[in-house]
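Single-structure report; data block below.
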Amino acid sequence: MNTRNILLFAFVAFLIIFEGMTASWNTALGILNMGLISAILALGVNMQWGYAGLFNVGIVGFVALGGLAPVLIATPPVTEVWTAGGGFRLILALLMGVAIIALAIALNHRLKGRQRVLALLVTLIGGFFLFRAVFDPAVEVVEAFKPATYSNLGGLGLPVLVAWPVGGLLAAGAAWVIGKTALGLRSDYLAIATLGIGEIIIAVMKNEDWLARGVKNVISIPRPVPYEVDLQNSTSFVERAASFGTDPVTASTIVVKLLYAALFTVILLALIWASEKALNSPWGRMMRAIRDNEVAAEAMGKDVTRRHLQIFILGSAICGLAGAMIVTLDSQLTPGTYNPLRFTFLIWVMVIVGGSGNNWGAVLGGFLIWFLWIKVEPWGNGLMDFITSGMADGVIKSHLQDSAAHMRLLTMGLVLLLVLRFSPRGLIPER
């Protein structure tokens, strides 16, 4: 990296350190941790857009699928619903659904004309009623068990770190299904398809309580780092905190966040290394050639659709990995918080501002935009309080103070506008 790029990263580091020195190290480390995850998300989207020109507007769906993994892998199973038979019948129903879809696909390929239409109608309509006949009673059994605390199947009770790659695999599997059907579409149609499918994934997670409790949320997801209360109950930790002149509560939260930061940094560095190796390899040059001119690449014998599918799966897997990391950091899955503004629009702003096609640019954008996203709202409240300090109480003053909540969106739009005007290729442009 050149001096300018180093200075840009140093500026972002200064912002986080300054936040710790002037406000709270807990806040600064919280920004750092989510900045690391945001950088990973931006890397995944940068792969799809910066490498191959794929316009994915359904990022939120892949993040949510990744977030589902810690629930399915790390939480303990709800044994009562399994012994009651609800769990096994539900799995049987899902397998039946997959088999019906597979049969319909096979019939579609083998038969022609009216025979195909008739066979598909019989298979899909009959299969639907058969599926619901097994699925609905099983769901009733599962969701009826202690709905205030469980109402779901639970997980496998494995270490939560196992859930991170599984989150990537879940998102990659969804990307394969979407890619097989949508990557042959034009770029604008692909965007519409991914947007719709992302919303479908969120809707399923919100409404299917048996899967992850829907909007009731799943809490107490295991963590890969110690709990603060355990550290506070450790005599040696309390003594060590006292030697640094800090209370055990503050020290424990800082230590936990530092441990998370170390884990996330290892993942981010590994992904940057792999991404840089891939981008500078013959494969990476081929992907950029396809992005710049699909017709010419196809004329040279490249399978454009296959390569698009490949990069679409890779980028989505990274988004799923980041989704699993977010849920692990929060120790809870809250499907109601997955919205396109936070998990699609904001990630695109990170990639565009940082520099599409450049991995280091995506990382810089992830940190910078996340810092602004967190800090702009309190800054806006302070600014509005200062502006209205001399005004009499009334409608105008109340309206201005209430408008401070919208400073985030205004700032994101302003940053995007300034970058596109003065540095159209991003702060760290593609080489």
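The values are calculated or read from the model by the stated rules, or taken from the named source; none is laboratory data. This one's a predicted model, so the numbers in the text were calculated from it and none came from an experiment. Methodologically, a virtual Cβ is constructed for each residue, glycine included, from the backbone with ideal geometry; neighbour enumeration extends over all protein chains shown. Heavy atoms of the whole protein, side chains included, go into the accessibility calculation; ligands, DNA and RNA do not. Shrake-Rupley method; radii C 1.70, N 1.55, O 1.52, S 1.80 Å.
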Subset of segment 146-155, residues open to solvent by less than 80 Å² (accessible area, probe 1.4 Å) and at negative phi, comes to Pro147, Asn152, Leu153, Gly155
Scanning segment 327-342 residue by residue, those in contact with a helix residue (DSSP H, G or I) (Cβ under 6 Å, 6 or more places away or on another chain) and either open to solvent by less than 30 Å² (accessible area, probe 1.4 Å) or without any contact (Cβ under 8 Å) to a residue 60 or more places away in the chain (or both) turn out to be Val327, Thr328, Leu333, Pro335, Tyr338
With the first residue restricted to segment 170-193 and required to be in the same structural domain as Gly66 (by TED's automatic domain parsing) and closer than 17 Å to Val60 by Cβ, and the second required to be open to solvent by less than 70 Å² (accessible area, probe 1.4 Å) and of a type in the set (S, T, N, Q), Cβ contacts under 8 Å at 6 or more apart or on different chains are Ala171/Ser316; Ala172/Ser316; Ala174/Ser316; Ala175/Ser316; Ile178/Thr194; Ala182/Thr194; Leu190/Asn56; Ala191/Asn56
Q) Is it true that some residue in segment 82-94 is assigned to a helix (DSSP H, G or I), basic (Lys, Arg) and within 20 Å of Asn207 (Cα to Cα)? A) yes
Flagged in segment 176-213 as at pLDDT below 85, of a type in the set (Ser, Thr, Tyr) and open to solvent by less than 30 Å² (accessible area, probe 1.4 Å), in numbering order, are none
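Yes/no per residue for (1) surrounded by fewer than 18 Cβ atoms within 10 Å (Cβ to Cβ); (2) modelled with pLDDT of 90 or more; (3) of a type in the set (Phe, Trp, Tyr); (4) within 22 Å of Val139 (Cβ to Cβ):
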position: Ile6; (1), (2), (3), (4): yes, yes, no, no
position: Glu19; (1), (2), (3), (4): no, yes, no, no
position: Ile37; (1), (2), (3), (4): no, yes, no, no
position: Leu43; (1), (2), (3), (4): no, yes, no, no
position: Val71; (1), (2), (3), (4): no, yes, no, yes
position: Pro76; (1), (2), (3), (4): yes, yes, no, yes
position: Ala84; (1), (2), (3), (4): yes, no, no, yes
position: Gly87; (1), (2), (3), (4): no, no, no, yes
key: Yes/no for Ser24 being among the small types (Gly, Ala, Ser), under 30 Å from Pro224 (Cα atoms) and surrounded by fewer than 17 Cβ atoms within 10 Å (Cβ to Cβ)   = yes
Here the residues within segment 156-167 that are among the small types (Gly, Ala, Ser) and open to solvent by 10 Å² or more (accessible area, probe 1.4 Å) are Gly157
Residue pairs qualifying under the 6 Å Cβ cut-off, at least six apart or on distinct chains, with the first in segment 207-220 being closer than 12 Å to Glu143 by Cβ and touching a residue at least 24 places away in the same chain (Cβ under 8 Å) and the second being charged (D, E, K, R) and open to solvent by 30 Å² or more (accessible area, probe 1.4 Å), are Asp209/Glu143; Trp210/Glu143; Gly214/Lys206
